[in-house]
Amino acid sequence: MLDRKLLRDLRRSAGLLAAIASIIAVGITCYVALTSSYRNLSEAKARYYRKCRMADFWIDVKKVPLAELSAVSSIPGVAEIQPRIQFSATVDLEENQEPITAMVISLPESRDTPLNDIVLRQGDYFTGRRAEEVIVSDSFARKHNLYPGQWVHVLLNNRRQRLFIVGTAISSEFVYMLGPGAILPDPEHFGVFYVRQRFAEEVFDFHGAANQIVGRLAPEVRDQPDPVLEQAEIVLEPYGVFHATPQRLQMSNQFLSSEIEGLGNIALIVPTVFLVVAALVLNVLMTRLARRQRTTIGTLKALGFTNWQVGSHFLKQGMSVGIIGGVAGCALGYLSSVGMTLVYQRFFEFPNLASGFYWQTHASGIAISILCSLAGSYLGARSVLRLGAAEAMRPEPPRRGGAIWLERFKRLWGMLSAPWRLALRTVIRHKLRSSAGMFAAAMGAGLLCTGFLMRQGQVFLIDFQFYKVARSDVDIVFHDELGRDALDEAARLPGVDWAEPQFGLACTFVNGPYRRKGGVTGLAPDARLTIPRDTKGRPIPMPASGLVLSRRLADILHAEPGDTITLEPIVGERRPAQATVAQVADSYLGVTAYADIHYLSRLMNEEFVTTGVQLALDGDPKHQAQLYRQLRDTPAVASVTARHDLIEQITDTLLKHQFIFIGLLITFSGVVFFGSIVNSSMVNLAERQREVATFLALGYDKWRIGNMFLRESLLINVTGALLGLPVGYGLMVVTAWSYRENDLIRFPVVPSAWIYLATLALALAFTFMAHAVVQWNIHRMNYLEALNVKE
Amino acid sequence: MSDNDGRQDNVLLRLEHVCRTFQMGDVSVEVLKDVSIDIAKGEFLSMVGPSGSGKTTLLNLIGGLDRPTSGTISYKGRELSNASPAELTRYRRDEVGFVFQFYNLVPNLTARENVMVAAEISSKPLDVDRVLGMVGLADRVDHFPSQLSGGEQQRVAVARAIAKNPELLLCDELTGALDFETGKRVLRLLVDLQAELGTSVVIITHNHALAQVTRRVIHLRSGRISEESINDSPMAPEEIVW
């Protein structure tokens, strides 16, 4: 019989329970979507790395004879190694006027479980019929309509080579395929070309030698690769070690792992916010339901029902909300994870990144939602459930009246009309309900604010980096260090208005016990195409001598202005040089250092060194086409990057996806606002039916009565939304702080008035939308019944 | 001129052949059957009947809270029976005051504020403090309903009703929630106010004793007017006993 009552009670409160269930559903959707995506990515990564026998380390050297590699194999902790040849090259495609960069990597002649193996998408492995066979990275091939059986021209080692495509492939080494200087995959301008080992030896004059060693570590040292790598660097020292990179710092793996880690973190935080709000709101509703059924509870107890039987009746109501919300959330969460996986497939190349159904995730999602709803129900109903039978059957004693604290400000209070006084007293007297409403509004507004701040930060960074710091039209990087002639020649290229040299010195910074691999960028004294700026946007003046370090780099090195540090160049003569730290500047770009190009050249015992040139063009498309053609045919050029293309790519992909993210954020925030306001207002309305009916009898029209409830709703939600603004700002500060160890960027927190205004405007909009439900209920209320004046 | 003739010229509210039927699922319940009443300006009358006689439904119709199923209701010559909800709201706002059995005060407003909410929407309100003084609550104006006795709350309800300066005051079981002595005191208040303000007052009650204070008594039974009587010498509230 109690279950029959339960079903009727559920039907009667269906609207309110649905509002709460929707908040739970949003929380569980986030949990399931994020957790499932986390598992999709991490399991796909693990499978892929296993399948391709992903290396644990990469060591780049100038040139090492293969015969000397046994010394590396015998280092304790090294399980196996594989030498290979790797160089960058320029691809010559007729339909592309811009030069295209490629990384050329040698693979063994026969496929015998190599390290960093490839996964063929089309065609075959090397057949051996032609020396110049090539396997092209699949995304690049698709972008340029390249297929097995076609020929492609590539500038290798200053020679134009014709390569025959035998297949296309992907690799675990390039799940996130980044070209030089890129921050997003760009298959239009960068690809990987796999050539036969012998062909690479021939073309690059590397007979019996290699310039890269990839290897696997023994399981017991896999988590601590640094000591082994240091050993390997010592062994390979005579052959010019450029980099020793453990897997965790490998570029593709870094991006992938960082994304997975991020998912894991927000999978805990975001759903928690929604579930706490749902529990609070359910608490308010159950308090009301229990109080309304106080006499029934007393009667049931008098009849002989136990506390547990009566209590579980109410818990079942809450549990049904939890089950409905949990099931809906699981279904939506699964669909969302499918959508997220589709998005990830755009950025990460896996052989099979599929969306899985993880029953443990769904089961835990439903369990969490049931627990949350049980908690809310129990806390809401317990005060009534604890009453004895006799006391419960007595009508509830009237609430204590009395002035609120605001009434002490008599002058201000006197200025308020009766409806405003009523609204303020109602809000302040119902502490739990008002607090729950404010909390929900604060969380909703906080989420919105954080999302807007995140977008603002990204827009700011793009603007900062690509419009304030980097102002060139085209950047050229050379294969080798060149002299002043290269600059003069670049300045004479078609369409070039202005050319500036850059000297990129890859080195290890040393300050006592502190070391960091990085690079110094040498700039011309009158540079206008790269203008380093601090976090306030002020240009950092380049001293005639000394280094300008970013704050992050200075912190790592424990260096201050005036200190002398050592630069150990990775390329060239590799003679260490002492340099003074002239200035430390706050910067959004993580680990950077600048110097005057002449000073830097002198440090390297050269008169003038340039490793690249930045160009400002005259804007004539014909000249630009000529420029690209000429650069394409220039063997000395390693890569060409057009700033405009980079900006477009970033804007297209990153910011477009941001809109989807913001859209979801607004929807979720709306659900929180809507669910909380509707629940609270409807409980309020139900408790004050007679009051509403009395106002109608007095001659108030329904809209005017609705405005009284709207005042209360606005007081709670505007206050909550205002509190949510610092919450959102705080969340963003925490997010930015989590980037403090990031070597690539420092995430800016860029508050602006539009963010706060937009958040408040949306909060107001949601409040009015939710109020429409309340107004509708006022219009259809049976006020005769409420007045107790029905026959 | 007879009483009837005088009342005809002085008619404030007229009900003619009014019926009210409620639909309860498949069952139709005819609560009022062919009721015709005139209420004159400044008249003090009571409507008496047992529970289920239709008196509350009649009150709702007179007060503009409900509309008849058939028949006409007119107020000062204007038909109310087909009035729109907005017109009925205006009627209630400007012409009618209600006093309910359980006071129906707003718990979160003080006595003065409860009266203010009525005065604020009236086009011709009486002064709030004056009205509270008239009901004997001048020193309790800042108390909340929970801080007032039942009698005091009912007096606030009366003050709220008359603050709008209505032409017609409807009192539903005015003393129903009060003890005997308190009820008589509230009744005395009502009698004095009616005499002072000249408002038409209708008392709805099941208690025949209360009807003795009014000059005209309409008896209701089973949805019809069974009898209409005149008290030539209405009793003082202090004299009645129930």
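The values are calculated or read from the model by the stated rules, or taken from the named source; none is laboratory data. Source: prediction; values computed, not measured. Methodologically, a virtual Cβ is constructed for each residue, glycine included, from the backbone with ideal geometry; neighbour enumeration extends over all protein chains shown.
Key figures
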read-out: Unique match (being buried (at least 22 other Cβ atoms within 10 Å of the Cβ), within 14 Å of chain B (Cβ to nearest Cβ) and either in contact with a strand residue (DSSP E or B) (Cβ under 7 Å, 6 or more places away or on another chain) or not β-branched (Val, Ile, Thr) (or both)) among A:ALA441, A:ALA423, A:ALA445; value: A:ALA423
read-out: Tally, over region A:342-366, of residues that are touching a residue at least 24 places away in the same chain (Cβ under 8 Å), part of a helix (DSSP H, G or I) and either of a type in the set (Lys, Arg) or over 16 Å from A:TYR38 (Cβ atoms) (or both); value: 2
read-out: Some residue of region B:217-235 being within 13 Å of the chain's Cα centre (by Cα) and crowded, with 22+ Cβ neighbours inside 10 Å; value: no
read-out: Evaluation of A:ARG411 against (1) at pLDDT 85 or above; (2) more than 14 Å from every other protein chain (Cβ to nearest Cβ); (3) surrounded by 13 or more Cβ atoms within 10 Å (Cβ to Cβ) (one fails), failing number; value: (3)
read-out: Residue that is under 30 Å from A:GLY215 (Cβ atoms) and among the β-branched types (Val, Ile, Thr), where the choices are A:ILE269, A:ILE297, A:ILE260; value: A:ILE260
read-out: In region B:110-147, the residues that are under 20 Å from A:THR694 (Cα atoms), buried (at least 18 other Cβ atoms within 10 Å of the Cβ) and charged (D, E, K, R); value: B:ARG112, B:GLU113
read-out: Failed item, numbered, when A:THR759 is tested on (1) of a type in the set (Val, Ile, Thr); (2) within 30 Å of A:GLY537 (Cβ to Cβ); (3) within 14 Å of chain B (Cβ to nearest Cβ); value: (3)
read-out: Selection from region A:424-463 of residues that are within 19 Å of the chain's Cα centre (by Cα) and more than 25 Å from A:VAL671 (Cα to Cα); value: A:GLY457, A:GLN458, A:VAL459, A:PHE460, A:LEU461, A:ILE462, A:ASP463
read-out: Count - residues of region A:696-737 that are assigned to a helix (DSSP H, G or I), within 30 Å of B:ILE121 (Cα to Cα) and not hydroxyl-bearing (Ser, Thr, Tyr); value: 19
read-out: Residue count, region B:75-91 (criterion: part of a helix (DSSP H, G or I) and either closer than 24 Å to B:ILE162 by Cβ or in contact with a strand residue (DSSP E or B) (Cβ under 9 Å, 6 or more places away or on another chain) (or both)); value: 5
read-out: Region B:178-220, subset among the small types (Gly, Ala, Ser) and assigned to a helix (DSSP H, G or I), residue farthest from B:ILE62 (Cα to Cα); value: B:GLY183
read-out: Count of residues meeting criterion [without any contact (Cβ under 8 Å) to a residue 60 or more places away in the chain and within 20 Å of A:PHE347 (Cβ to Cβ)] in region A:126-138; value: 2
read-out: Residue list for region A:685-715, filter: more than 9 Å from chain B (Cβ to nearest Cβ) and hydroxyl-bearing (Ser, Thr, Tyr); value: A:SER713
read-out: Count of region B:1-20 residues which are at pLDDT 85 or above and surrounded by 15 or more Cβ atoms within 10 Å (Cβ to Cβ); value: 9
read-out: Looking only at region B:54-74, and only at residues there that are outside any loop (DSSP other than H, G, I, E, B) and within 14 Å of chain A (Cβ to nearest Cβ), the one that is surrounded by the most Cβ atoms within 10 Å (Cβ to Cβ); value: B:LEU58
read-out: Criterion: closer than 27 Å to A:TYR125 by Cβ and at pLDDT below 95 - qualifying residue of A:VAL32, A:VAL72; value: A:VAL72
read-out: Criterion violated by B:PHE144 - all others in (1) in contact with a strand residue (DSSP E or B) (Cβ under 6 Å, 6 or more places away or on another chain); (2) facing chain A (nearest Cβ under 8 Å) satisfied; value: (1)
read-out: Test: residue in region A:716-736 that is buried (at least 20 other Cβ atoms within 10 Å of the Cβ), within 14 Å of chain B (Cβ to nearest Cβ) and either closer than 14 Å to A:THR767 by Cβ or without any contact (Cβ under 8 Å) to a residue 24 or more places away in the chain (or both); value: no
read-out: Set B:VAL35, B:VAL106, B:VAL128, B:VAL48: member being among the aliphatic types (A, V, I, L, M) and over 21 Å from B:VAL201 (Cβ atoms); value: B:VAL106
read-out: Region B:105-127 residues that are closer than 15 Å to A:ALA403 by Cβ, paired with ones that are in a loop (DSSP other than H, G, I, E, B) and not hydrophobic (A, V, I, L, M, F, W, C) (beta carbon under 7 Å, 6 or more apart); value: B:PRO107/A:ARG399; B:PRO107/A:GLY401; B:THR110/B:ASP142; B:THR110/B:HIS143; B:ALA111/B:HIS143; B:ARG112/B:ASP142
read-out: Count of region B:148-181 residues which are surrounded by 23 or more Cβ atoms within 10 Å (Cβ to Cβ) and of a type in the set (Ser, Thr, Tyr); value: 1
read-out: Filter result for A:ARG704 (within 25 Å of B:LEU105 (Cβ to Cβ), surrounded by 18 or more Cβ atoms within 10 Å (Cβ to Cβ) and without any contact (Cβ under 8 Å) to a residue 12 or more places away in the chain); value: no
read-out: Unmet criterion (only one of (1) in contact with a His (Cβ under 9 Å, 6 or more places away or on another chain); (2) assigned to a strand (DSSP E or B)) for B:GLU152; value: (2)
read-out: Test set (1) modelled with pLDDT of 85 or more; (2) more than 35 Å from the chain's Cα centre (by Cα) - A:ASN782 fails condition number; value: (1)
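This table checks each residue for (1) surrounded by fewer than 22 Cβ atoms within 10 Å (Cβ to Cβ); (2) in contact with a His (Cβ under 7 Å, 6 or more places away or on another chain); (3) closer than 24 Å to A:LEU461 by Cα.
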| site | (1), (2), (3) |
| --- | --- |
| A:GLY522 | no, no, yes |
| A:ILE531 | yes, no, yes |
| A:LEU549 | no, no, yes |
| A:ALA554 | no, no, yes |
| A:ILE597 | no, no, no |
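Residues are listed down the side, and each one gets a yes or a no for (1) polar (S, T, N, Q); (2) more than 8 Å from chain A (Cβ to nearest Cβ); (3) touching a Ser or Thr at 6+ places or on another chain (Cβ under 8 Å); (4) not in a loop (DSSP other than H, G, I, E, B):
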{"position": "B:ARG93", "(1), (2), (3), (4)": "no, no, yes, yes"}
{"position": "B:PHE102", "(1), (2), (3), (4)": "no, no, no, no"}
{"position": "B:ARG112", "(1), (2), (3), (4)": "no, yes, no, yes"}
{"position": "B:LEU126", "(1), (2), (3), (4)": "no, yes, no, no"}
{"position": "B:ASP129", "(1), (2), (3), (4)": "no, yes, no, yes"}
{"position": "B:GLY136", "(1), (2), (3), (4)": "no, yes, no, no"}
{"position": "B:PRO166", "(1), (2), (3), (4)": "no, yes, yes, no"}
{"position": "B:LEU170", "(1), (2), (3), (4)": "no, yes, no, yes"}
{"position": "B:GLY176", "(1), (2), (3), (4)": "no, yes, yes, no"}
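Each row is one residue, and each column tells you yes or no for (1) in contact (Cβ under 8 Å) with a residue 12 or more places away in the chain; (2) of a type in the set (Val, Ile, Thr); (3) buried (at least 21 other Cβ atoms within 10 Å of the Cβ); (4) assigned to a loop (DSSP other than H, G, I, E, B).
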site	(1), (2), (3), (4)
A:PHE140	yes, no, yes, no
A:ASN145	no, no, no, yes
A:LEU163	yes, no, yes, no
A:VAL166	yes, yes, yes, no
A:TYR176	yes, no, no, yes
